Amino acid sequence: MPVPRDLYRRISGSFPTGVVIVATLDAEGRPRGLLTQAYLGLSTEPPLMLIALDATSRTLPALRQHGAFVLNFLRAGSEDLATLFASKSDEKFRDVRWSPSPEARGAPIIRDACVAYAACNVTQTIEAGDHWLFVGSVEAGEAFGGTPLMYYRRRYAPWPEERLAPPIEEA
Ligand SMILES: Cc1cc2nc3c(=O)[nH]c(=O)nc-3n(C[C@H](O)[C@H](O)[C@H](O)COP(=O)(O)O)c2cc1C
């Protein structure tokens, strides 16, 4: 018998993550997007990334139709933007500076708010429970560095660089 919803939430809520704005264009060419934490760096060769969108997401139809998206990996200081993109606002991009990614058919790059971005073309779409999974082939991207924004137990915080142990030696 599957675990109850409350336990499921407490288990998955025990896992801190970074946060990502998934951005795409709708049928009229308007920017659409949402905040996500369900991200997976799926494959290096070929380069693939996976995201999961709730079936009720208003960005979902746009993403399914457009077939391309940009993952904007948020940096510390982007908490207000994270809150905006976790909302149901129709005006999420009104005050946001973005540029179109040529490799993701014009999907928005939000450069000012990112430690990195990845421009992806959808290669697989899978319905899974109450979510849709999108596998994207990474066609372009940049990694700017800086401090990422983290999410844990309904709070945002910068990655605590100064409290970290020395890096693990590569095998
Ligand atoms: C930290 C955090 C992580 C989230 N992760 C996801 C996610 O991985 N997938 C998803 O569909 N929604 C996720 N959400 C919820 C969406 O951001 C939220 O439902 C949003 O209003 C959807 O916007 P839309 O309906 O305009 O697409 C997350 C919210 C927060 C605060």
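The values are calculated or read from the model by the stated rules, or taken from the named source; none is laboratory data. Quantities reported herein were computed from a predicted structural model and do not represent experimental measurements. In this analysis, Cβ positions are derived from the backbone assuming ideal geometry, glycine residues included, and neighbour counts consider all displayed protein chains.
Note on the stretch 73-106: among residues that are aromatic (Phe, Trp, Tyr) and under 18 Å from Glu142 (Cβ atoms), the one that is surrounded by the most Cβ atoms within 10 Å (Cβ to Cβ) is Phe73.
Here the stretch 3-52 is the region considered, the condition is being under 21 Å from Ala113 (Cβ atoms) and of a type in the set (S, T, N, Q), and the residue that is surrounded by the most Cβ atoms within 10 Å (Cβ to Cβ) is Thr24.
Listed here are the residues, each with its yes/no results for (1) in contact (Cβ under 8 Å) with a residue 40 or more places away in the chain; (2) of a type outside the set (Val, Ile, Thr); (3) closer than 21 Å to Phe15 by Cα.
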site	(1), (2), (3)
Ala107	yes, yes, no
Gln124	no, yes, no
Val135	yes, no, no
Tyr151	yes, yes, yes
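For the stretch 1-38, name all the residues that are hydroxyl-bearing (Ser, Thr, Tyr) and in contact (Cβ under 8 Å) with a residue 40 or more places away in the chain.
If the condition is that a residue be hydroxyl-bearing (Ser, Thr, Tyr) and in contact (Cβ under 8 Å) with a residue 40 or more places away in the chain, then Thr17, Thr24 are the ones that fit.
In the stretch 6-63, of all residues being part of a strand (DSSP E or B) and small (Gly, Ala, Ser), the one that is farthest from the ligand (Cβ to nearest atom) corresponds to Ser43.
Within the stretch 153-171, the set of residues being among the charged types (D, E, K, R) and within 30 Å of Arg9 (Cβ to Cβ) comprises Arg153, Arg154, Arg155, Glu161, Arg163. Just checking, does the stretch 140-155 include any residue being surrounded by fewer than 16 Cβ atoms within 10 Å (Cβ to Cβ) and within 19 Å of His66 (Cα to Cα)? Yes, some residue in the stretch 140-155 is surrounded by fewer than 16 Cβ atoms within 10 Å (Cβ to Cβ) and within 19 Å of His66 (Cα to Cα). So in the stretch 159-171, with the set limited to residues that are under 18 Å from Val19 (Cα atoms) and part of a loop (DSSP other than H, G, I, E, B), which one is modelled with the lowest pLDDT? For the stretch 159-171, the residue satisfying everything is Pro160. Does Val70 satisfy the condition of being buried (at least 17 other Cβ atoms within 10 Å of the Cβ) and away from the ligand (no atom under 13 Å from the Cβ)? Against the criterion (buried (at least 17 other Cβ atoms within 10 Å of the Cβ) and away from the ligand (no atom under 13 Å from the Cβ)), Val70 qualifies.
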